[in-house]
Amino acid sequence: MTEYYDPINYHVTEREDGWQVKSVLQRRLGVSRKLLSKIKLTERGVQLNGERVYISVPVKAGDTVSITLEKEISEDILPEPLPFDIVYEDEALLVVNKAAGVIVHPTHGHHTGTLANGVVHYWREKGEKFRFRPVHRLDQETSGLLAIAKNAYVHQHISEQLIAGQVIKKYTALVHGCPAEPEGRIDGPIDRDPAEPHRRIVTESGYPAQTFYKVLDGRKAGSLVEIRLGTGRTHQIRVHMTSIGHPLIGDTFYRTPGLDRLRPEEQGAVLRWDEAIGRQALHATELGFVHPLTGEPLHFTLPLPEDMQALYDLLRNGRGSSI
């Protein structure tokens, strides 16, 4: 027997009187064509005042137009009892503080031990059925705020906010050295490195990419930096900060070329900083967007995780050397 989530409703006003159901769904609830095509094929699908209707039917003021989504599960994700930190949860969303070292979604070679495995187990233990739908991405070694949608409608809406630049996403990083300018914008197209496909580089033939940074505490050895993305390319922060000579502390994958230019004693200082944290010093600190169902703004913030705070304390004590 097919199970359904609670209906998503819209109450027709005088302004929409005479519109077709399709227009209400697309212009007021913001249902995409793709999602609407899927919903129409389900048993409950689109309803008007509780009755299933064709989307061409006209509506009157006072009517209630509803969509009802089938319950889904991630059948390809093995549930595992893995701990994770919940920041916020309701019937539509799950926001977590992802730990460093945790992969978000199973990939080739990593079928277990991911955040998805833990979340799917958590939902199953609660007797809930949701498909794991992360709205955005965080690298394995990046910690911080990550939003997970519980259905296709919610995922679609937050994704559209991301594309429109309406989502607040800020990161805090610790970088080698101190940028010359206290604030800046990095415009550098990004694409795969032909020599190493897993690595991204700044190249004129790449895809447009824009990063904004602000130095919160600049020091010779390393600096605390706030970062905001104008685009969302893979490894963008890591690539862009490296491109201006200030790679993330701990990011050995992208700072290696810069290390080759240093004297042996300088290399030793850099390596000590990298080893002090053992992962890229990047944390998704702030996340904000409009709730797809309530229309209310949601805003979340997190402090630095313990490993980054400890590294920052060392930097403030004046130890180490600059890259």
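The values are calculated or read from the model by the stated rules, or taken from the named source; none is laboratory data. Bear in mind that the values here come from a model prediction, so they are computed numbers and not experimental data. Note: ideal-geometry Cβ built from the backbone for every residue, glycine included; neighbour counts use all protein chains shown. All accessible areas refer to the heavy atoms of the entire protein, side chains included, with ligands and DNA or RNA removed. Shrake-Rupley method; radii C 1.70, N 1.55, O 1.52, S 1.80 Å.
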(message) Quick check on my filter: what residues within segment 102-139 are surrounded by fewer than 17 Cβ atoms within 10 Å (Cβ to Cβ) and among the β-branched types (Val, Ile, Thr)?
(response) Thr107, Thr112
(request) Mind listing whichever residues of segment 294-323 are in a loop (DSSP other than H, G, I, E, B), of a type in the set (A, V, I, L, M, F, W, C), over 17 Å from the mean Cα position of the chain (by Cα) and at pLDDT 95 or above? (result) Leu304
(request) Report yes if some residue within segment 69-90 is of a type in the set (Lys, Arg) and in contact with a helix residue (DSSP H, G or I) (Cβ under 9 Å, 6 or more places away or on another chain); otherwise report no. (result) no
(request) Mind listing just one residue for me: the one in segment 5-63 that is polar (S, T, N, Q), surrounded by 12 or more Cβ atoms within 10 Å (Cβ to Cβ) and without any contact (Cβ under 8 Å) to a residue 24 or more places away in the chain and, of those, nearest to Thr294 (Cα to Cα)? (result) Gln26
(message) Pairs needed: first member in segment 138-149, farther than 11 Å from Met308 by Cβ; second member anywhere, hydroxyl-bearing (Ser, Thr, Tyr) and open to solvent by 20 Å² or more (accessible area, probe 1.4 Å); C-beta distance under 9 Å; at least 6 residues apart or different chains.
(response) Asp139/Thr234; Leu145/Thr285; Leu145/Thr301; Ala147/Tyr88; Ala149/Ser159
(request) Sort out which residues of segment 64-101 are open to solvent by less than 10 Å² (accessible area, probe 1.4 Å) and among the basic types (Lys, Arg), and write them in order of number. (result) Lys98
(message) Can you confirm whether Gly50 is out of contact with any His (no Cβ under 8 Å at 6 or more places or on another chain), within 19 Å of Asp63 (Cα to Cα) and not acidic (Asp, Glu)?
(response) yes
(request) Find the residue count for segment 163-212, including only residues that are without any contact (Cβ under 8 Å) to a residue 40 or more places away in the chain, crowded, with 19+ Cβ neighbours inside 10 Å and within 24 Å of Asn97 (Cβ to Cβ). (result) 1
(request) Please report, ordered by residue number, the strands (runs of 3 or more DSSP E) entirely within segment 36-150 with at least 2 residues that are among the basic types (Lys, Arg) and touching a Cys at 6+ places or on another chain (Cβ under 7 Å). (result) none
(message) For segment 240-254, which positions are hydrophobic (A, V, I, L, M, F, W, C) and either part of a loop (DSSP other than H, G, I, E, B) or not assigned by the TED database to the domain that holds Ser223 (or both)?
(response) Ile244, Ile249
